[in-house]
Amino acid sequence: MMSNDIVEISKDIYFIGVFDPEIRTFDIIMKTSNGTSYNSYLIKTSEGIIIVDGVKLEFQEQFFKKIEQHCTYDEIKYVISHHLEPDHAGSIPELIRRAPQAKVLISPQATSMLKAITKTETIDFETVWTNKSITLGNKTIQFLTTPYLHWPETMSSYVVENKLLFSGDVFGSHYCDKRLFNDLVGDFAYSFQYYYDHIMRPFKSYVLSAIKLYEKFEIDMIATLHGPILKENPKKYIDLYKKWSEVDCEKLASGNKIVSIFYLTSYKNTRNMAEKIYEGCESVEGIVANVYDLASLGEQNMLKLLDESDGILIGTPTINGDAPRPVWDLLSCMMFLEKKGKMAGAFGSYGWSGEAIDMILHRMKFLNFRVPPLDLLKIKLIPNEEELQRCFNHGVEFCEILKGKMVEMTMN
Ligand code: FEO
């Protein structure tokens, strides 16, 4: 390490990122009670400089001051941009303006984005992917294609001589601490998991593919785009991502499908429907069904249950032409889920019109859940015996389709 401003994180690799301790909400949806950092790095090679990622636009003057402490702009040979979201790419257009001779290295999927943010077609760039590498003087950078972590264009790279992984957003935390390294900062375990839950969880199959690539390398350090740099035991963080992203092995081994039935009820009518649906589901071999009252579920529990469910059924009353708030809270969790292969449906008791059920089905279709073409399960007020039998049958049919019975699915 050198002065407070210049930190050598590994031989010839310097932190030139910036700190944003005041931010409290990130990307509209995430709480950042510890602020965050926009991590950027500078690599000094025997033949010139490589800049790795940029920072958010409003912090770019600090970023440029840090670069100027190390080099002149004409020494910059490459700019590697792992991810073009504005919190990292905000300063890239001005950096390119100051260092026009530098070649920008991006994934192929980032091409149109780079042109859009720089507003030029004439930019000097090259696309890179797994098995491509560059050597500049005494440093070799190997590129790794790691898409959807968490945008289509994201990639990672590995500095061979340093055994250092530039992971992009992966393994990041919104946790601002100028001590920088995971063994020096405060306890950021909560932020690390919160970040995974809200950014990476919807892409967990891509996380597992990326980990397969990372595992081919000996990694001494992970330099992320947010929060602490993982110097001490970086494997621990890879293992955590792996654990959180793997399908429940017990479920896989048993071949059981999990169906979660969530309901909200005013007068126990929707609850009684949920319980009959549950009985129907449970009567199908290989189905493990569970019923949950939305009135008492917190967001973290909702997320966990939704994540492990193969089938999701949501029961709601209709109040003033809408589903009540706890139902929408559940629906808003869907953005943090990987929906691939999941099936969904809705049901409910109503007094006047029952639009809430149609709204939920509509939303589930647009979110790309598989919504089977079952009869609409809307029951006016108190379900009678015949209607409860319909609920039972609905559970059976839903689960048979979930288990593979062929039907034509409705697409949005
Ligand atoms: Fe940190 Fe996806 O930007």
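In Å, what is the Rg of the alpha-carbon atoms in segment 328-412, and how long is Dmax?
So, for segment 328-412, Rg and Dmax equal 13.5, 38 Å respectively.
Roll a 1.4 Å probe over the protein chains and send me the accessible area per residue for segment 248-308 in Å².
Per-residue accessible area for segment 248-308 comes out at 51 Å².
Take the alpha-carbon centre of segment 1-61, take the same for segment 394-409, and report the distance between them in whole Å.
50
Just the number, please: Stokes-Einstein D of the chain in µm²/s, Kirkwood Rh from C-alpha pairs, 4 °C, 1.567 mPa s.
Estimated via Stokes-Einstein, D reaches 55 µm²/s.
DSSP loop (so not H, G, I, E, B), at most 14 other Cβ within 10 Å: list which chymotrypsin sites (Phe, Trp or Tyr not before Pro) in segment 328-373 pass both filters.
Sparse-neighbourhood loop chymotrypsin sites (Phe, Trp or Tyr not before Pro): TRP352.
In whole Å, what are the Cα extents of segment 72-180 along the three principal axes, biggest one first?
On the principal axes, segment 72-180 reaches 34, 31, 30 Å in Cα extent.
So if I place +1 on the C-beta of Lys and Arg and -1 on the C-beta of Asp and Glu, and nothing else carries charge, what would the dipole magnitude of the chain be about its Cα centre? I want it in debye, nearest 20.
With Lys and Arg at +1 and Asp and Glu at -1, about 340 debye.
Given the pairs LYS304/LYS378; LYS44/LYS119; LYS365/LYS405; LYS77/LYS139; LYS235/LYS340; LYS212/LYS242, which are separated by over 21 angstrom at their Cα positions? Walk me through the numbers on the way to the answer.
On the way: LYS304/LYS378 28 Å; LYS44/LYS119 29 Å; LYS365/LYS405 19 Å; LYS77/LYS139 12 Å; LYS235/LYS340 28 Å; LYS212/LYS242 10 Å.
Violating the 21 Å Cα-Cα cut-off are LYS304/LYS378; LYS44/LYS119; LYS235/LYS340.
For THR72, what is the net charge nearby, where nearby means another residue's Cβ is under 14 Å from its Cβ and Lys, Arg count +1, Asp, Glu -1?
With Lys, Arg at +1 and Asp, Glu at -1, the net is +2.
Return the whole-Å distance between the Cα centroid of segment 325-344 and the Cα centroid of segment 179-249.
Cα centroid of segment 325-344 versus Cα centroid of segment 179-249: 24 Å apart.
Once the Cα atoms of segment 249-402 are picked out, what are the Rg and Dmax in Å?
When restricted to Cα atoms, segment 249-402 yields Rg and Dmax of 14.2, 46 Å.
Using all Cα-Cα distances in segment 356-403, what percent lands in each 5 angstrom bin from 0 up to the longest?
Result returned by the calculation: 5, 18, 24, 24, 19, 8, 2.
So what are the three principal axis dimensions of segment 1-123 from its Cα atoms, in whole Å, longest to shortest?
That gives 41, 39, 22 Å along the principal axes, largest extent first.
Determine the gain in length on full extension of the stretch MET406-GLU94; use 0.36 nm per residue of separation and subtract their C-alpha separation, reporting nm with one decimal. Numbers along the way, then the final one.
Details: separation 312, 0.36 × 312 = 112.32 nm, distance 5.51 nm.
Net length gain for the segment: 106.8 nm.
Using 20 Å as the Cα-Cα cut-off, could you pick out the over-long pairs in LYS132/LYS243; LYS11/LYS236; LYS11/LYS66?
LYS132/LYS243; LYS11/LYS236
Once the mean 1/r over all distinct Cα pairs of segment 185-280 is inverted, what Kirkwood radius in angstroms do you read off? Walk me through the numbers before you get to the answer.
On the way: mean 1/r = 0.0597 Å⁻¹.
The answer is 16.8 Å.
Can you give me the % of accessible surface on the chain that is carbon or sulfur? Probe 1.4 Å, all protein chains present, nothing else counted. Show your work: numbers first, answer last.
Numbers: 9380 of 18310 Å².
That share works out to 51 percent.
Relative contact order for the chain: what percent, with Cα pairs under 8 Å and sequence separation of 6 or more?
Relative contact order of the chain: 11 percent.
Could you work out how much longer the chain between LEU240 and PHE366 gets when fully extended? Use 0.36 nm per residue separation minus the Cα distance between them, nm to one decimal.
On the way: separation 126, 0.36 × 126 = 45.36 nm, distance 3.14 nm.
Between LEU240 and PHE366, full extension yields 42.2 nm more.
Over segment 253-310, consider all pairs of different Cα atoms and compute the Kirkwood hydrodynamic radius from their mean reciprocal separation; express it in Å, one decimal.
12.1
Shape call for segment 3-245 from the C-alpha gyration tensor, a ≥ b ≥ c root eigenvalues: rounded (a/c under 1.5), prolate (a/b greater than b/c) or oblate?
rounded
Would you please calculate the Kirkwood hydrodynamic radius of segment 129-217 over all C-alpha pairs and express it in Å, rounded to one decimal?
14.2
The values are calculated or read from the model by the stated rules, or taken from the named source; none is laboratory data. Quick caveat, the model's predicted, so the values are computed rather than measured. Neighbour counts run over all protein chains shown; Cβ positions are idealised from the backbone, glycine included. Side chains are part of the model used for accessible areas, which takes the heavy atoms of the whole protein and leaves out ligands, DNA and RNA. Shrake-Rupley method; radii C 1.70, N 1.55, O 1.52, S 1.80 Å.
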